[in-house]
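Please treat every number below as a calculation from the coordinates, not as lab data. Since the model is a prediction, treat every value here as computed from it, not as a measurement. For neighbour counting, all protein chains shown are included, and Cβ atoms are generated from backbone atoms with ideal geometry for every residue, glycine included.
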Amino acid sequence: MTEKTTTFERKSTGYAALPINSLLRFVRGSEQFYRKGEILFLEGDPPKWLFIVKQGKVVLSKELPSSNKTIVSVRVPGDMVGEVAVFDGKPYDTDAIALTDVVVIRLLRDNFLFAIKNNPSLAEQVIADLASRLRQAQETICLLSTQRVEKRLAALLLALIGRFGTRTEEGIVLDSSFSRYDLAAMAGTTVETTVRTLSAWAQEGIIRKHRRQIVIVDFRKLAQIAREP
């Protein structure tokens, strides 16, 4: 991990989800680099920092009673990391690991909360971002609790390619940073079941597997599986 302390007062940053420009005008932060696999924080750590992803991807995972881990979310540029713990003051409730090489902006919790309390318009936008995440979480819970594995995995792939897919002549290529373990954890199933399902879809011509990449060849068929009762 490397760190460079600076003051962020930028007019254009390219951030997507949160009004980062407004936030960084009021909060002093440090820009840090994490290599793939490095830890931003672990479940149970005190919530001293709020992280904002500038480049790369951060995966949030949680320990299960079975000692396995499930992936809760993947955060991309413009997303906050650790916001729940920062707001309620309790320890971080997930691990945060760099899924790729990552650049984040790290903000002290007290400074962030001060900016929110003193800028109602900024607070409203942050609340809207949190509400969107809550809605997504509720949809994920419903999917995991009521649907069969094939439907869950199809819905997951559709959601991932919507955010991390690249259209090519062969089809839509899913970012290779997602391993079979990652897909299994996010779909709430085993690696073996995930591999077996993907292999079956490859035989049917729905996807093509190339090394660590998954190429969606038949988008309509995958969407049909996701919609099946």
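Couple of notes before you dig in:
- Local electrostatic count, V195, Cβ distance below 11 Å [Lys/Arg +1, Asp/Glu -1]: +2
- Anchor K36: lysines whose Cα lies under 16 Å away (excluding residues fewer than 8 positions away in-chain): K54, K57
- Ranked list, fewest to most other Cβ atoms within 10 Å of each Cβ, for K54, K48, K117: K117, K48, K54
- Segment 112-126 - phi-based ³J(HN,Hα) in whole Hz, Karplus 6.51/-1.76/1.60, Gly and Pro as x: 5, 5, 4, 5, 5, 5, 9, 9, x, 5, 5, 4, 4, 5, 5
- Around L130: net Lys/Arg minus Asp/Glu count, Cβ-Cβ under 14 Å: -2
- The modelled label-to-label distance between V195 and D93, using points 7 Å beyond Cα along the C-beta direction, is 3.3 nm.
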